[in-house]
Amino acid sequence: MLKGKVAVVTGSTSGIGLAMAKALAGQGCNIMLNGLGDVAAIEATRKALADETGVEVAFNGADMSKPDQIRGLIQETADRFGGLHILVNNAGIQYTSSIEEFPEDRWDAIIAINLSSAFHSTKAALPHMKKAGWGRVINTASVHGLVASIHKAAYVAAKHGIMGLTKVTALETAEDPITCNAICPGWVRTELVEKQIAARAGEAGLSVEDAARQLVEEKQPSKTFVTPEMLAQVAVFLCSDAASQMTGVSVPVDGGWTAQ
Ligand code: NAD
């Protein structure tokens, strides 16, 4: 369906981003991976994805808190593959603390990586999409783009911000064959959440599995974790022709969390 299209997925060295990169590669997209991590492990991931799918897969390690590196990522993608069609803004970090205890540098980092990065990448990518005459911007937001939880001031602010950016991007591209939408996952068991599970286990004296169960049952009515692969298939759908008139919306995949 997406054969020959070019996709850049930020924060795709693990978790949700990696699953999205795999699913888009499976549809025939050439892929620019991005993210942090062990160089040898990332190269193994890149090579395995290319070998499994037969598409071209490259890697750019831009730090998504650095606007010049983000512009470099977009430009290198367009230069390397001769264009850019799909941008998935997915890189993200978390820090939990009350507002009164929240370290300023964690606030700045979360706003930079989870929100401002998407502005810089979208700004740089839209001209390439317009030139190609087709584009999709997909923002990995969160249920925390729609509702709040305690101890996540920066994350909730950034994710609400990305919902606003999603709508503005959609409106400014409404007359172009470009869409911009946000996917809003509930709990997904990735590295980002394993840290929160481990902290809960430590604080409450629970096993990791009991802490995971408690965490998911607290907010997610389905009492079941969302998987990265489910979210990846939503991203593929948002790139389909059937979704060409879906723009500026949020798609919760949250086991009923935001229905409450
Ligand atoms: P993850 O930790 O597995 O993945 C995060 C990715 O972002 C990694 O590839 C990491 O290397 C990358 N990254 C972090 N800082 C970066 C930086 N400065 N520059 C470049 N890359 C950077 O976690 P995940 O759960 O897969 O998170 C992906 C996205 O999904 C995030 O935006 C997160 O907020 C969102 N999300 C996650 C959940 C969940 O429950 N896991 C729920 C809702 C939304």
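The values are calculated or read from the model by the stated rules, or taken from the named source; none is laboratory data. Computed from a predicted model, the values in this text were never measured in an experiment. Positions of Cβ are backbone-derived with ideal geometry, glycine not excepted, and every protein chain shown enters the neighbour counts. All accessible areas refer to the heavy atoms of the entire protein, side chains included, with ligands and DNA or RNA removed. Shrake-Rupley method; radii C 1.70, N 1.55, O 1.52, S 1.80 Å.
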**Item:** Estimated distance in nm for a label pair at A259 and T224, the labels positioned 7 Å out from Cα along Cα-to-Cβ
**Value:** 1.2 nm
**Complete:** Per-residue ellipticity at 222 nm attributable to helices in the chain (runs of n ≥ 4 DSSP H, -39500 (n - 2.57) apiece, nearest 500 deg cm²/dmol) works out to -15000 deg cm²/dmol
**Request:** With springs connecting C-alpha atoms under 10 Å apart, model the chain as a Gaussian network and identify which of L115, L18, L49 has the largest mean-square fluctuation.
**Result:** L49
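Send over a whole-number figure in Å² for the accessible area per residue of the chain, probe 1.4 Å.
Details: 11740 Å² over 260 residues.
Value for the chain: 45 Å² per residue.
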**Complete:** Each label sits 7 Å from Cα toward the beta-carbon; between E100 and A48 the label points are separated, in nm, by 4.6 nm
**Message:** What would the Debye equation give as log₁₀ I(q)/I(0) for the chain at q = 0.16, 0.17 Å⁻¹, counting only Cα atoms as equal point scatterers?
**Reply:** -1.21, -1.36
**Asked** Put a dot 7 Å past each Cα toward the Cβ at S244 and E172; how far apart are the dots in nm?
**Response** 2.4 nm
**Prompt:** Residue-wise, which Karplus ³J(HN,Hα) couplings in Hz belong to the range 67-82, taking 6.51 cos²θ - 1.76 cosθ + 1.60, θ = phi - 60°, and x for glycine or proline?
**Reply:** x, 5, 5, 5, 4, x, 4, 5, 5, 5, 4, 5, 5, 5, 10, x
**Fill in**
Expressed in square angstrom to the nearest 10, the accessible area of D79 with a 1.4 Å probe stands at 110 Å²
**Prompt:** Taking the Cα centre of the chain as origin and charging only Cβ (+1 Lys, Arg; -1 Asp, Glu), how large is the dipole, in debye to the nearest 20?
**Reply:** 600 debye
**Complete:** If each part is reduced to its alpha-carbon centroid, the range 24-87 and the range 183-260 end up apart, in Å, by 24 Å
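With the Cα gyration tensor of the range 62-213 in hand, give its eigenvalues times 5 under a square root as the equivalent ellipsoid semi-axes, listed largest first in whole angstrom.
On the way: eigenvalues 209, 47, 44 Å².
Three semi-axes, in Å: 32, 15, 15.
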